[in-house]
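Worksheet: one structure, shown below.
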Amino acid sequence: MTGDPTPPIDTAGLAGDIARRLGVRVEQHAPLARSTTMRVGGPADLLATVRNAFELRGLVRFARSRGLPIFVLGRGSNVVISDLGVRGLVIQVKAEQTRIDGVRYHAAAGVPMARAATETQKAGLTGLEFGLAIPGTVGGAIWGNAGAHGADVAGVLESADLLSPDGVESTVDAAELGFGYRESRLKHPAASGGRELVVGGTFRLEPAPPDAIRAALDEIRHWRQAHQPLGLPSAGSVFRNPAEGAAAGQRIEHAGLKGFSIGGASVSEKHANFIIADRTATAADVRALADHVRATILASDGIDLQFEIEFVGDWTGWPWPAPERGGSTPA
Ligand SMILES: Cc1cc2nc3c(=O)[nH]c(=O)nc-3n(C[C@H](O)[C@H](O)[C@H](O)COP(=O)(O)OP(=O)(O)OC[C@H]3O[C@@H](n4cnc5c(N)ncnc54)[C@H](O)[C@@H]3O)c2cc1C
């Protein structure tokens, strides 16, 4: 979570410098809600979209040389951007190069996980089917060791190409990435000496008949349609499942919170661990609701649920006063 108020920056000057030096177009005061699946939140001071590792490296080095804070966004499917927006430079990674080499699948950080799943299916390689359930990128999936249907990134990733905070690239063995349940060393920049970015990943898969893999993909597709509020703005599971006992969603449902809403944010009727946002929702509504759910489960179950979603941008002074926002349960 980022929260430090940063002094105003010369957005026009910086955008011009980036365009001149790197040829990357940068938007000033760019709305970010449209770049996330939750569809809430304010603007980025600067937003750049990169299409390859060269541009990403160039921007990271530029930002470092100017002391400009950066935040990297994939598909924005695991984040809630503050209504106050994000200070500094947001880099959206849309590098989508892929290559198949025997049983290895190389994918740039911006490749959608769903595409990784279907592309490897067609090539007769099994292991990435769970990617169909994840509406994010390879970079975001490696960052959080995304997983579904009994599989995760850690189980198939061989190595990742990382960019250090000073813009130096290296290939790191998956065993060195500190993977655990929705965990990696990338989530803990202080411990690994600064925020590292994912440039790409190499997955080691196994040969299998494409038809059998397609059947597994169909099953995942049907399961998701039946159990998740697809098509409605959300950021996936709000909370991690506790190490023991009932899953977060079961606890939230049991506490009677399905359908409970604050402002334009409500607990999904279909999956209690999802918060969905309507057109009027603000990021503050989403966060206030998530805090309310967390406090309720702490009181009812004695379990302090941990967030799986990430609150990004300027949340200085949270919780903000919002007396008009009270919560309500559907009739
Ligand atoms: C409907 C729905 C269903 C979902 N189901 C699942 C599920 O079954 N399992 C699951 O694990 N998740 C699930 N998610 C959550 C989400 O899709 C995953 O966490 C996904 O991996 C996030 O990828 P992203 O590209 O959207 O990352 P973003 O949301 O853009 O970013 C998330 C974090 O990753 C970091 N990041 C992104 N790209 C990079 C990069 N190149 N280098 C370094 N850091 C980077 C960002 O800085 C940020 O901190 C679901 C989400 C939705 C909306």
### Task
Scan the stretch 53-72 and give yes if some residue there is charged (D, E, K, R) and within 27 Å of LEU230 (Cβ to Cβ), otherwise no.
no
### Message
Which residue is nearest to PHE307 (Cα to Cα), if the candidates are limited to the stretch 213-229 and must be surrounded by 15 or more Cβ atoms within 10 Å (Cβ to Cβ) and more than 24 Å from the chain's Cα centre (by Cα)?
### Response
ALA216
### Task
Might you check whether a residue that is in contact (Cβ under 8 Å) with a residue 40 or more places away in the chain, under 22 Å from THR137 (Cα atoms), in a strand (DSSP E or B) and away from the ligand (no atom under 13 Å from the Cβ) occurs anywhere in the stretch 48-70?
yes
### Summary
Within the stretch 159-178, residues being under 14 Å from ARG104 (Cβ atoms) and outside any strand (DSSP E or B) number 1
#### Entry: Matching residues in the stretch 11-28 - criterion: being assigned to a strand (DSSP E or B) and either touching a Ser or Thr at 6+ places or on another chain (Cβ under 7 Å) or acidic (Asp, Glu) (or both)
GLU27, GLN28
### Query
Only one of (1) of a type in the set (A, V, I, L, M, F, W, C); (2) modelled with pLDDT of 95 or more; (3) outside the structural domain of LEU186 (by TED's automatic domain parsing) fails for VAL103. Which number is that?
(3)
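Is one or more of the residues making up the stretch 192-207 away from the ligand (no atom under 13 Å from the Cβ), more than 20 Å from LEU56 (Cα to Cα) and in a helix (DSSP H, G or I)? Give the steps one after another, and end with the answer.
Applying the first criterion (away from the ligand (no atom under 13 Å from the Cβ)) to the stretch 192-207 yields 193, 202-207.
Checking which are more than 20 Å from LEU56 (Cα to Cα) leaves us with 203-207.
Next cut, in a helix (DSSP H, G or I) only: none.
The answer is no, given that none of the residues of the stretch 192-207 is away from the ligand (no atom under 13 Å from the Cβ), more than 20 Å from LEU56 (Cα to Cα) and in a helix (DSSP H, G or I).
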### Query
Pairs under 8 Å by beta carbon, first residue at positive phi in the stretch 33-46, partner assigned to a loop (DSSP other than H, G, I, E, B), six or more apart or different chains?
ARG39/PRO233; ARG39/ALA281; GLY41/LEU32; GLY41/SER82; GLY41/ASP83; GLY41/GLY85; GLY41/GLY313
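Inspect all residues belonging to the stretch 113-132 and state whether any of them is of a type in the set (A, V, I, L, M, F, W, C), within 8 Å of the ligand (Cβ to nearest atom) and outside any helix (DSSP H, G or I). Don't jump to the end; show me each part of the working.
Applying the first criterion (of a type in the set (A, V, I, L, M, F, W, C)) to the stretch 113-132 yields 113-114, 116-117, 123, 125, 128, 130, 132.
Narrowing further to those that are within 8 Å of the ligand (Cβ to nearest atom): 113, 130.
Checking which are outside any helix (DSSP H, G or I) leaves us with none.
There is no residue in the stretch 113-132 that is of a type in the set (A, V, I, L, M, F, W, C), within 8 Å of the ligand (Cβ to nearest atom) and outside any helix (DSSP H, G or I).
Each row is one residue, and each column tells you yes or no for (1) crowded, with 18+ Cβ neighbours inside 10 Å; (2) farther than 23 Å from LEU73 by Cβ.
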{"residue": "GLY147", "(1), (2)": "yes, no"}
{"residue": "LEU157", "(1), (2)": "yes, no"}
{"residue": "ALA175", "(1), (2)": "no, yes"}
{"residue": "LYS187", "(1), (2)": "no, no"}
{"residue": "ASP211", "(1), (2)": "no, yes"}
{"residue": "GLY231", "(1), (2)": "no, no"}
{"residue": "SER237", "(1), (2)": "yes, no"}
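The values are calculated or read from the model by the stated rules, or taken from the named source; none is laboratory data. A quick note: this is a predicted structure, and the numbers were derived from the prediction, not measured. Quick reminder, even Gly has a Cβ in these numbers, built from the backbone with ideal geometry, and neighbours come from all protein chains shown.
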